[in-house]
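Colleague: One structure is given below, represented as structure tokens, and several questions about it will come after.
No value in this document is a laboratory result; all are computed from the given coordinates. Only a predicted model underlies this, so the values are computations on that prediction, with no experimental measurement involved. For neighbour counting, all protein chains shown are included, and Cβ atoms are generated from backbone atoms with ideal geometry for every residue, glycine included.
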């Protein structure tokens, strides 16, 4: 046991009843009171307690270390240690108390942007705290996955038509179904295509992490394995897509009502509009229809019945927007982590894409009418305007010069006036 040194300040003696001091008058103490004060020393000497030697310590004995410094008591216990290293924080929701960490992560998020991405409309973006919260909670690194592949071949873009003609599948679906014949030929059926128009956190450079918003789905745990992800990088006709890598997809925390309200107006309006016009929004429409008319969410069979009857088509953009704002409809979110890159697949793309010749497209007739030939004498009427009286008269007048030789010119006979009627033959 360590030595204990106690250093204290002397306490002032507690005085008895004092007499008021008056000028010229000194208060006197009694003999007994003087004797009591004379027995108290003016200072208290330091006391050192030397412990005796102790025997062998038992296994269960605990010897606390105690020190007294400058009148303050500090206890040290080996069983209770305060860690000096910072504790790792699992971010389940936006953490405004970590500004330094957020700034570092935001700088890394800037590396996810692809300068070659060109879209017609202004791209929508989720709030940064929404992205940081879910990527961090999933334990995904904010640094892109390292890909050892020539950049020139890695940046080769493709069209959906080329992918459909080369590997099969629909050029429109997010998860195209590959036919058995094509699957037997190349063995690939894990394609996933994400448009950046309403998937703002889809991976834009190969290996970057991302988020997938799947409000039209069931919001279940992902059980479809690793996906071969493509992202749209250009809206120009034809649209271009870029292979990003092999991605592991996992269900994350849905957007809360408060998080949805913090998103920009453009994000909320874009999703409300897409859920009305897209085929994959029918499930969301059916759920909102059931809540509006039945006051409860529907079962899976009831969703199929609502869609079969077409009742879901009565749901408007305003209905969907209001349901999202109230928190009745949630936005499922999935994290996307790059776990690999198929270099042989991308090398095949780089070899075949420049040689692909697209099929000729049929010309589109605007407005469904016949186009004006070069020999037409009259210009077409302007679209969106009603014809004037002169145009109506000119359209109704018969052009004699254009009558065929076999056609007879109509015989014009005047009917006369009311006062002078024409004579009948």
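Colleague: Using the beta-carbon distance between residue 362 and residue 125 and R0 = 51 Å, what value does 1/(1 + (r/R0)^6) give for FRET efficiency, to the nearest 0.05?
Modeller: Working from the Cβ atoms, E equals 0.85.
Colleague: Once the piece of chain linking residue 296 and residue 345 is laid out straight, how much longer is it, given 0.36 nm per residue of separation minus the C-alpha distance between them?
Modeller: Fully extending the segment from residue 296 to residue 345 adds 12.9 nm.
Colleague: Please give, to one decimal in nm, the separation of the simple spin-label points placed at residue 328 and residue 264, each 7 Å out from Cα toward the Cβ.
Modeller: Distance between label points: 2.8 nm.
Colleague: Which FRET efficiency value, to the nearest 0.05, is calculated for residue 304 and residue 152 with the Förster distance at 41 angstrom and r the Cβ-Cβ distance?
Modeller: 0.25
Colleague: Between residue 164 and residue 248, what is the label-point separation in nm under the 7 Å Cα-to-beta-carbon projection?
Modeller: It is 3.4 nm.
Colleague: Right, something else. Quick check: residue separation of residue 352 and residue 273 times 0.36 nm, minus the Cα distance between them. What number comes out in nm?
Modeller: Here the segment from residue 352 to residue 273 would lengthen by 24.8 nm.
Colleague: What's the FRET efficiency of residue 173 with residue 113 using the Cβ-Cβ distance as r and R₀ = 22 Å, to the nearest 0.05?
Modeller: Rounded to the nearest 0.05, the efficiency is 0.25.
Colleague: Testing the spin-label approximation: label points 7 Å from Cα along Cα→Cβ at residue 188 and residue 317. State their distance in nm.
Modeller: For residue 188 paired with residue 317, the spin-label model returns 3.7 nm.
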